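A short write-up of the structure that comes next.
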Amino acid sequence: MKQESPITLSPYDPITRALHHPITHGKDYASYSFWLETCGDDLTPRPPLDGSTEVDVAILGAGFTGLWTAYHLLKRDQSLNVLVVEREIAGFGASGRNGGWCFSGFPVEPAVLTRRHGRDAARAVSLAMAESVADVGRVCEDEGIDAHYAQGGELEVARAGYDLAKIEEMYEGYRALGLENRVALLDAAETAERLRVPGAVGAFWNSDGAAIQPARLARGLARAVERRGGRIVEGTTVTDYAGGTTPRLFTDRGEVRARRAIVLAGEAYLSRLPKLRRHVIPMTSHMVVTEPLSPDIWDQIGWERREVLGGFGSTGGYIQRTGDGRIAFGAYRAHYPFNSRITDDLDCMEDIFAHARDAARVWFPALQTHDVAFTHAWGGVFGTPRDRMPTMGFNPQTGVALAFGYTGEGVATSNLSGRVLTDLLTETDSDLTHLPMTSHQPAIWEPEPLRSLGVNLVRRSRYKEIEQVERTGMYPEKPSLATRVFDR
Ligand SMILES: Cc1cc2nc3c(=O)[nH]c(=O)nc-3n(C[C@H](O)[C@H](O)[C@H](O)COP(=O)(O)OP(=O)(O)OC[C@H]3O[C@@H](n4cnc5c(N)ncnc54)[C@H](O)[C@@H]3O)c2cc1C
């Protein structure tokens with residue numbers, strides 16, 4: 001077995017980046033994730049904004065949210081003048097770094113949505129999310145985007161008896177909405193037909209899930225937006241915005257006035273704008289990926305349909321079989337940076353990388369016995385709203401549209417944002433414009449230091465809870481006091 005050196009530097013840590021890619025040559029964007037490195041696109045930044053301008057729709061951010069909004073707007077009305085303003089390059093944020101889980105899971109579970117908004121609204125959200133998974137595949141097909149899209153569904157594996165209650169609860173959430181035809185509970189034998197992992201006693205399967213190579217999707221979408229007449233400027237920072245009869249984005253390279261709307265699509269990074277400082281907080285997530293596995297190892301593991309794979313407990317994670325035959329493993333170890341400060345340093349957390357590699361070997365012991373190397377490790381930030389509910393709203397009075405807050409489940413949800421905003425901005429009354437996210441008012445986070453104290457307390461108590469479950473073999477009757485107090 002290969003020994004992990006505790007001081008091994010990831011190719012994505014800031015020191016290695018600086019050594020290999022001096023600042024004078026600009027940022028090496030390929031170094032921000034395995035996906036960006038292998039996306040096959042030229043990552044040289046597009047020209048920045050060249051002075052003040054006026055357009056129909058001005059969008060902050062060329063991640064999935066901004067690009068899906070631009071794409072669907074232009075598909076609806078090619079005459080629209082759409083400008084996307086990006087601080088770095090398209091796909092630089094979470095969209096170019098995530099686990100590639102394009103699935104219909106929504107950050108607020110069906111039971112909670114039902115309690116807050118009623119069964120019909122919860123069902124409509126689930127169906128709209130399923131449609132988003134399909135839409136991503138359809139657009140890849142229509143636009144010739146080779147994002148390695150494979151719709152094998154989502155597989156959540158119970159690897160201990162006490163996890164069975166979790167997958168039953170997931171199934172029940174869909175059954176209560178009358179959507180049991182889209183999901184299934186698998187027993188141990190049925191699970192093993194799909195995938196061999198130690199201790200698997202059953203699984204929840206959701207048909208509405210697809211594995212993707214996220215950077216290929218983001219970069220391909222950017223090209224599709226341009227082919228449809230949209231314009232993307234990169235290396236241009238939005239510093240503030242204003243609503244009104246002519247809403248505006250203020251940037252470091254001029255002002256963008258919008259005849260119809262401005263769209264704020266910067267997810268976690270929106271917390272950098274003074275006006276949205278407490279609407280969303282950045283949380284980190286980190287991933288590792290192996291070298292391509294040999295056919296022998298794949299025969300042992302199975303997993304032919306490339307379902308996006310998840311599980312619970314201290315070694316739980318979000319996992320995918322990549323299009324080129326690797327295992328990409330994302331650890332459920334989020335970290336909140338004090339005062340929402342986002343820096344490149346957050347991308348590299350060696351203890352989380354080591355944990356992710358160890359957890360991957362627990363899931364797939366063949367990685368250890370066959371001495372499989374981990375080739376890449378990276379991280380990024382996603383946006384978390386105070387009440388976990390995404391916002392997809394447009395205020396026609398101010399001309400400001402806002403879409404953010406997917407709490408780490410934004411790959412398909414951002415596509416839904418793009419479709420919802422397209423209907424709202426073109427005044428199209430549809431099922432989408434009545435979803436609860438369109439009228440949702442974002443809850444405001446506490447000021448510091450309360451915010452980080454609270455988040456870290458809940459985080460630590462959740463980890464403790466998981467350890468306790470694994471020690472005692474059962475879940476506690478109710479969440480810990482810290483979780484209940486903070487939730488309230
Ligand atoms: C490691 C990791 C793994 C994840 N895995 C999954 C997963 O498997 N499945 C899933 O559903 N979700 C996952 N997520 C979450 C998902 O990736 C995000 O929710 C989604 O990509 C958000 O897209 P976005 O376009 O809203 O934001 P981003 O992709 O973050 O894009 C925002 C863009 O705005 C730009 N920007 C920010 N501020 C400014 C400014 N002031 N001026 C101009 N431009 C600006 C940024 O540079 C960036 O390009 C993961 C996230 C991370 C970090």
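Over all pairs of distinct alpha carbons, what does the Kirkwood formula give as the hydrodynamic radius of the range 315-389, in Å?
It works out to 14.1 Å.
Of the peptides 47-54, 105-112, 219-226, the ranking by mean beta-carbon count within 10 Å, highest at the top, reads 219-226, 105-112, 47-54. When Rg and Dmax are taken over the Cα atoms of the range 393-469, they come to 17.3, 51 Å. Sorting 171-182, 206-217 by their mean Cβ neighbour count within 10 Å, with the most densely packed peptide first, gives 206-217, 171-182. Each semi-axis of the equivalent ellipsoid for the range 349-488 is √(5λ) with λ an eigenvalue of the Cα gyration tensor; in descending order they amount to 36, 23, 15 Å. The mean of 1/r over all distinct Cα pairs in the range 291-338, once inverted, gives the Kirkwood hydrodynamic radius of 12.2 Å.
Among 472, 246, 422, the ranking by other beta carbons within 10 Å of each residue's beta carbon, starting with the fewest, stands as 472, 246, 422. Coordinate range of the alpha-carbon atoms in the range 237-384 per principal axis, descending: 63, 31, 27 Å.
Were the residues from residue 339 through residue 50 laid out at 0.36 nm apart, the gain over their Cα-Cα distance would be 100.8 nm. Compactness check for the range 139-239: Cα Rg over 2.2 N^0.38 Å is 1.52.
When its C-alpha radius of gyration is set against 2.2 N^0.38 Å (N residues), the range 334-432 gives a value of 1.55.
Quick one: dipole size for the chain, taken about the Cα centre, charges +1 on Lys/Arg Cβ and -1 on Asp/Glu Cβ, in debye to the nearest 20.
1180
With neighbours defined as other Cβ atoms within 10 Å of a residue's Cβ, the residues 136, 362, 233 order from fewest to most as 362, 233, 136. The ellipsoid that matches the Cα gyration tensor of the range 218-290 has semi-axes, each √(5λ) in whole angstrom, of 25, 21, 11, with the longest given first.
Listing 166, 275 from fewest to most neighbouring C-beta atoms within 10 Å gives 275, 166. You can think of it this way: the chain between residue 188 and residue 275 has 26.2 nm of extra reach, that is 0.36 nm per residue less the Cα-Cα gap. The Cβ shell under 10 Å around residue 206 holds other residues with a net charge of -3, Lys and Arg each +1, Asp and Glu each -1.
Stokes-Einstein diffusion for the range 59-132 at 37 °C, viscosity 0.692 mPa s, with a Kirkwood radius from C-alpha pairs, works out to 227 µm²/s.
From most to least packed by mean Cβ count within 10 Å, the peptides 397-409, 90-102, 436-448 give 90-102, 397-409, 436-448.
Taking Lys and Arg as +1 and Asp and Glu as -1, the other residues whose beta-carbon sits under 13 Å from that of residue 413 total -3.
Hey, any idea what the orientation-averaged projected area of the convex hull of the chain's Cα atoms comes to, in nm²?
It is 21.9 nm².
Taking the DSSP bridge list for the chain and keeping only pairs wholly inside it, about 70 percent are antiparallel.
Values quoted throughout were computed directly from the atomic coordinates according to the rules given, and no laboratory measurement underlies them. A quick note: this is a predicted structure, and the numbers were derived from the prediction, not measured. Cβ coordinates were reconstructed from backbone atoms using ideal geometry, including for glycine residues, and neighbour counts include every protein chain displayed.
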